[in-house]
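Have a look at the structure below, then the notes.
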Amino acid sequence: MGRILVGIGGGIAAYKVCELVSQWVQQGHQVKVILTPPATQFITPLTVSTLSRQPAYTDADFWQPTGRPLHIELGEWADVIVIAPLTADLLAKMAHGLADDLLTSTLLASTAPVLVAPAMNSTMWQQVSVQQNYQALLAWPRIHSVGVRAGLLACDAVGPGRLAEPWEINTWVHSLLLTQGKRDLQPYKILVTAGGTREYLDPVRFLGNPATGAMGIALAQAALSRGAQVTLVYAHTTQPIPAVAQAIPVTSAQEMYAAVLACFPTQDWCLMAAAVSDVQPATYHPTKLPKQALPACLPLQLAPDVLKHLGQIKRADQLLVGFAAQTGDLETPAREKLQAKNLDAIVANPIDQPGAGFGSDQNEGIWLDRCGQRRVWPRTSKLHLAHQILDAARELYVSSSDSSASSVG
Ligand code: CTP
């Protein structure tokens, strides 16, 4: 559990941040909130102090002679700082290192990672001055941004400037708490696959599987928060799709094969977390089959094995990680798949344990790699497991790059 300091700026999206404060408290985090003077026009200190079970701080507290300066105390207390909504004014102050109020002074008195969530009218967001300030702010190593979303704004404009969705901010904050804000995947292009493919027999019937896409999407979000350029190819999922560099929806194994193959040559890593069907109906009927026309035995044919094909074409500078969702013995089939598909590593996870695997928030797994490393990860959140997988993948990738460089030398 972490100590989350929330700085609320003066924008209408401030009301959404109240919900996040409440969620974080319910999740067991300690939450303290600073309201800028304009923020108090939108929500009251009473609202956030009630939700956070802590006093809500305003500029009135900044000037109280209470011993150790409040901005130092708060800046040192925080494990992570969240600024939402980041208004144009707050952005300008932060970008130029101004410290004329409690929130901006606290930011400068802290070394904690900072997540900003900008929100403002589209015309304001697109001003050269605002974009210059935003780029200047992103150059700080401590600053992470969840970006803005496009859509209908409270001022009736339609365009970029909406606050990112609360679940995106929530997941990113959890990543920062887990990684202390490290951006160790910044140079990498990472392809992640997620979800379960569906192999249609006709427009209403398909062969599918219970995958929800949660593990793959957690991997994509974890990689995004660590600076990677993420491409997500996703089949059926119950999860919302994060704002990765490229998100490609697919339905069938065949479509996944085509999408993944098109992206793969430009990628450094591929993490193949999707549950891809092994078979597809031999014939697709473009119109709905009446019940009487359904065959007693359904003729099937093999679907393309995407991962196996990637294993055959991958370059030495690419890292390929497969997944093996298993019942019973985890390791023997996973080791076989590691070899048979020419993978760099495989993550085996049980799907016959209550509370882990398909449809659960949690997962556990065993990492096996081509260098003989074996790591056992006990049950944890899928986001935490995703970060552990990325740590292991990075270690393997860096050590392989180092050894190939020294063998050239
Ligand atoms: N996979 C794939 N294409 C398929 C089937 C699987 O790319 N048609 C990938 C999965 O995304 C996963 C890995 O292969 O990363 C292992 O998938 P799994 O279903 O466990 O193994 P299979 O090779 O299909 O073997 P089996 O079903 O016999 O266990």
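Placing +1 on the Cβ of every Lys and Arg and -1 on the Cβ of every Asp and Glu, with no other charges, gives segment 3-179 a dipole of roughly 200 debye about its Cα centre. Amide H contacts under 5 Å for TYR188: GLN229, restricted to partners 5 or more places along the chain or on a different chain, H placed in the peptide plane at 1.01 Å from N.
Counted over the chain, the DSSP beta bridges are approximately 35% antiparallel. Assuming charge only on the beta carbon of Lys and Arg (+1) and of Asp and Glu (-1), the dipole of the chain about its Cα centre is about 440 debye to the nearest 20. What does the charge add up to near HIS387, with Lys and Arg as +1, Asp and Glu as -1, over the other residues with Cβ less than 12 Å from its Cβ? Net local charge, HIS387 excluded: +2. Using a probe of 1.4 Å on the protein chains alone, the accessible area found for GLU395 is around 100 Å². Site pair TYR284 and ALA154 shows an inter-label distance of 4.5 nm when each label is modelled 7 Å from Cα along Cα→Cβ.
For segment 228-239, putting each phi into the Karplus relation 6.51 cos²θ - 1.76 cosθ + 1.60 with θ = phi - 60° gives couplings of 6, 8, 9, 10, 10, 9, 10, 8, 3, 9, 8, 9 Hz, in residue order, rounded to whole numbers and with x for Gly and Pro. Centre-to-centre separation between the Cα atoms of segment 374-401 and those of segment 1-39: 31 Å.
Phi angles across segment 243-253 convert, under the Karplus curve 6.51 cos²θ - 1.76 cosθ + 1.60 with θ = phi - 60°, into 3J(HN,Hα) values of 7, 7, 4, 8, 10, 10, x, 9, 10, 9, 4 Hz, Gly and Pro given as x.
In the chain, the calculated helix contribution to ellipticity at 222 nm averages -11000 deg cm²/dmol per residue, counting -39,500 (n - 2.57) for every DSSP H run with n ≥ 4. Using the Cβ-Cβ distance between GLN362 and GLN246 with R0 = 25 Å, the FRET efficiency computed as 1/(1 + (r/R0)^6) comes to roughly 0.30.
When the Cα positions of LEU338, THR179, THR237 are compared along the charge dipole of the chain, LEU338 comes out farthest toward the positive end, with charges on each C-beta of Lys, Arg, Asp and Glu.
Remark: segment 3-179 carries 42 Å² of accessible area per residue (probe radius 1.4 Å; ligands, DNA and RNA excluded). Among 311-318, 234-241, 103-110, sorting by the average number of other beta carbon atoms lying within 10 angstrom of each residue, highest first, gives 103-110, 234-241, 311-318.
A Förster radius of 25 Å combined with the Cβ-Cβ distance from ARG205 to THR327 puts the calculated FRET efficiency at roughly 0.45. Which of the three applies to segment 3-179, rounded, prolate or oblate, going by the alpha-carbon gyration tensor with a ≥ b ≥ c and a/c under 1.5 meaning rounded? It is rounded, given that a/c, with a ≥ b ≥ c, falls under 1.5.
Compactness of the chain was expressed as the Cα radius of gyration divided by 2.2 N^0.38 Å, which yields 1.11. The relative contact order of the chain comes to 10 percent, based on Cα pairs under 8 Å that sit 6 or more residues apart. Across every pair of non-identical alpha carbons in segment 189-408, the mean reciprocal distance, once inverted, gives a Kirkwood radius of 17.9 Å.
Placing unit charges on each Cβ (+1 for Lys and Arg, -1 for Asp and Glu) gives segment 146-220 a dipole about its Cα centre, and among ILE169, ILE190, LEU219 the Cα reaching farthest toward its positive end belongs to ILE190.
DSSP finds beta bridges in segment 189-408, and of those with both partners inside it, around 40 percent are antiparallel.
Karplus-derived 3J(HN,Hα) values for segment 305-315, using 6.51 cos²θ - 1.76 cosθ + 1.60 with θ = phi - 60°, are 8, 4, 5, 4, 5, 4, x, 7, 9, 5, 8 Hz; glycine and proline are entered as x. Shape class for segment 314-409, computed from the alpha carbon gyration tensor (a ≥ b ≥ c): prolate, with a/c not under 1.5 and a/b above b/c. Summing charges over neighbours of GLU199, with a neighbour being any other residue whose Cβ is under 13 Å away from its Cβ, gives -1 when K and R count +1 and D and E count -1.
Between segment 133-163 and segment 185-261, the C-alpha centres lie 25 angstrom from each other.
A cut-off of 5 Å between modelled amide H atoms, ignoring neighbours fewer than 5 places along the same chain, links ASP202 with HIS285. What the Cβ-Cβ distance of VAL128 and ALA262 gives, at R0 = 45 Å and to the nearest 0.05, is a FRET efficiency of 0.80. Of the residues ILE366, PRO286, PRO350, the one whose Cα sits farthest towards the positive end of the charge dipole of segment 264-409 is PRO286 (charges of +1 on Lys and Arg Cβ, -1 on Asp and Glu Cβ, taken about the Cα centre). What's the carbon and sulfur percent of segment 3-179's accessible surface, probe 1.4 angstrom, rounded to a whole number? Carbon-and-sulfur percentage of accessible area, whole number: 57.
Within the listed set ALA274, ALA220, ALA247, the Gaussian network model of the chain (springs between alpha-carbon atoms below 10 Å) gives the highest mean-square fluctuation for ALA247. Under a 5 Å amide H cut-off, with hydrogens placed 1.01 Å from N, ILE83 pairs with GLY7, LEU115, VAL116, ALA117 among residues at least 5 apart or on other chains. Structural descriptor for segment 189-408: relative contact order 19 percent, calculated from alpha carbon pairs under 8 angstrom and at least 6 residues apart.
The values are calculated or read from the model by the stated rules, or taken from the named source; none is laboratory data. All values derive from a computational prediction rather than experimental measurement. All Cβ positions, glycine included, derive from the backbone under ideal geometry; neighbour counts span all protein chains shown. Calculation scope for accessible area: heavy atoms of the full protein, side chains included, ligands and nucleic acids excluded. Shrake-Rupley method; radii C 1.70, N 1.55, O 1.52, S 1.80 Å.
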